[in-house]
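This report concerns only the one structure given below.
The values are calculated or read from the model by the stated rules, or taken from the named source; none is laboratory data. Keep in mind that what you see is a predicted model, and the values were worked out from it rather than measured. Note: ideal-geometry Cβ built from the backbone for every residue, glycine included; neighbour counts use all protein chains shown. To get the accessible areas, we keep the full protein, side chains included, count just its heavy atoms, and leave off ligands, DNA and RNA. Shrake-Rupley method; radii C 1.70, N 1.55, O 1.52, S 1.80 Å.
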There are 2 protein chains.
Amino acid sequence: MAALDREVAARVVLQQCLHAKLQVKPPAEDSDAEWVEIQRGMVMYVCFFKGATKDLIPKMVSSLVNVKLSESDSGKHVSITELPGDVLIVPQATLGGKSKGRCMQYHSNAGKEQGMELYAHLTAQCQKELETHARWSESGAVLRYGTYGNRQVLKLDTNGPYTHLLEF
Amino acid sequence: MAALDREVAARVVLQQCLHAKLQVKPPAEDSDAEWVEIQRGMVMYVCFFKGATKDLIPKMVSSLVNVKLSESDSGKHVSITELPGDVLIVPQATLGGKSKGRCMQYHSNAGKEQGMELYAHLTAQCQKELETHARWSESGAVLRYGTYGNRQVLKLDTNGPYTHLLEF
């Protein structure tokens with residue numbers, strides 16, 4: 001079995017995609033919904049817990065950008081900068097849920113302000129780290145991300161999501 | 001922070017969907033790919049670890065079928081049988097990965113035969129449990145599932161995936 005014997009400050013679920021489209025502003029009376037989209041690359045669903053601090057971000061960014069979870073054309077697993085591919089970061093506080101009976105509780109989740117701040121740091125630092133990789137930045141690949149606190153209306157097209165869980 | 005201080009025998013990631021389509025047989029020289037699809041409901045990505053046994057299945061099924069993770073039209077969270085909605089179970093051994101440096105290792109995963117057997121039990125018992133709920137079985141809702149060991153080519157359309165992690 002898998003041993004899990006430590007406290008978790010952030011949880012990320014990663015999925016490969018061929019195309020993904022995420023709503024970043026819901027439709028209003030006088031405006032259509034706004035969306036961001038990515039082509040082949042990686043979707044990262046992110047949740048922060050109470051006790052998480054900015055100190056966590058460099059390690060998270062380094063792992064997320066460098067872990068070999070993207071399948072190249074030859075079938076080899078490479079990092080998103082080696083692919084090179086797009087990145088979509090989705091805030092997903094529900095990932096912090098813990099079941100109690102038939103209901104989910106979110107008592108361990110970071111507060112809204114703290115979560116929002118950490119999320120902003122994560123997206124900014126990911127962009128910065130990705131740009132240090134010439135192969136990624138010269139390829140025209142992009143980083144896109146959802147609006148914290150919004151409903152994350154998402155469409156996803158994969159050639160195998162190859163779902164992974166990373167905890168920090 | 002979230003405390004995790006026990007061994008895990010199975011890991012499930014759940015996402016709400018409006019529509020999902022999963023390849024269950026890849027295309028061959030003389031045949032097209034085969035797919036299953038579901039409408040509004042829940043996608044469950046499942047991974048078993050070493051040490052998991054059949055004894056685990058009843059508890060997993062009870063949780064997965066009864067946990068209130070589906071959003072009803074009124075915005076209230078209800079179980080998949082109360083919605084009522086479709087279920088798509090996706091075998092996803094990659095969920096058992098653990099990062100070591102830049103690579104993922106799967107040393108804690110159940111062996112192929114053991115995983116296949118547990119997966120078959122899970123899908124069969126889920127179907128059975130779902131059918132005991134008149135509201136679900138009379139609604140025409142369906143359970144579909146992927147082929148163990150295949151590449152899980154997946155297309156997903158959500159109104160907010162509302163991603164949750166359950167461990168058993």
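Using a probe radius of 1.4 Å on protein heavy atoms only, what is the accessible area buried between chains A and B, both sides summed, to the nearest 100 Å²? Interface area, both chains combined: 4500 Å², rounded to the nearest 100.
Each residue of segment B:13-24 was assigned a 3J(HN,Hα) from its phi angle through the Karplus expression (A = 6.51, B = -1.76, C = 1.60, θ = phi - 60°), giving 9, 10, 9, 5, 9, 9, 7, 8, 9, 10, 6, 10 Hz with x at Gly and Pro. Relative contact order for chain B: what is it in percent, counting Cα pairs under 8 Å that are at least 6 residues apart? After rounding, I find 36 percent. Would you list which aspartates and glutamates come within 17 Å of A:Lys68, measuring only between C-alpha atoms, while excluding same-chain residues fewer than 8 positions from it? Cross-link targets: A:Glu82, A:Asp86, A:Glu129, A:Glu167.
For segment A:68-168, the spread of Cα positions along the three principal axes, ordered from largest to smallest, is 46, 28, 26 Å.
For segment B:57-168, a simple Cβ point-charge model (Lys and Arg +1, Asp and Glu -1, everything else neutral) yields a dipole of about 560 debye relative to the Cα centre. Rolling a 1.4 Å probe over the heavy atoms of the protein chains gives segment A:1-145 an accessible area of 48 Å² per residue.
In the elastic network of chain A, a GNM with C-alpha springs shorter than 10 Å, the most mobile of A:Pro26, A:Pro91, A:Pro58 is A:Pro26. Each copy carries a label point for A:Gln39 at 7 Å from Cα toward Cβ; from one copy, the others' points are 3.5 nm away, ordered from shortest. Where a ≥ b ≥ c are the square roots of the eigenvalues of the C-alpha gyration tensor, would you call the protein assembly as shown rounded, which needs a/c under 1.5, or, failing that, prolate if a/b is larger than b/c, or oblate? Note, shape of the protein assembly as shown comes out rounded. The value of relative contact order for segment B:18-98, using C-alpha pairs under 8 Å at least six residues apart, is 33 percent.
Run the simple label-point estimate for A:Gln39 and A:Met116 please: 7 Å along Cα→C-beta, distance reported in nm. Here the modelled spin labels are 3.5 nm apart. For segment A:1-129, just say rounded, prolate or oblate: build the C-alpha gyration tensor, square-root its eigenvalues into a ≥ b ≥ c, call rounded for a/c under 1.5, and beyond that prolate if a/b exceeds b/c, oblate if not. It comes out oblate by the Cα gyration axes. Extension gain, A:Lys50 to A:Ser137: 0.36 nm times the residue separation minus the Cα-Cα distance gives 27.9 nm. Here segment B:20-77 and segment A:66-104 have alpha carbon centers that stand 19 Å from each other.
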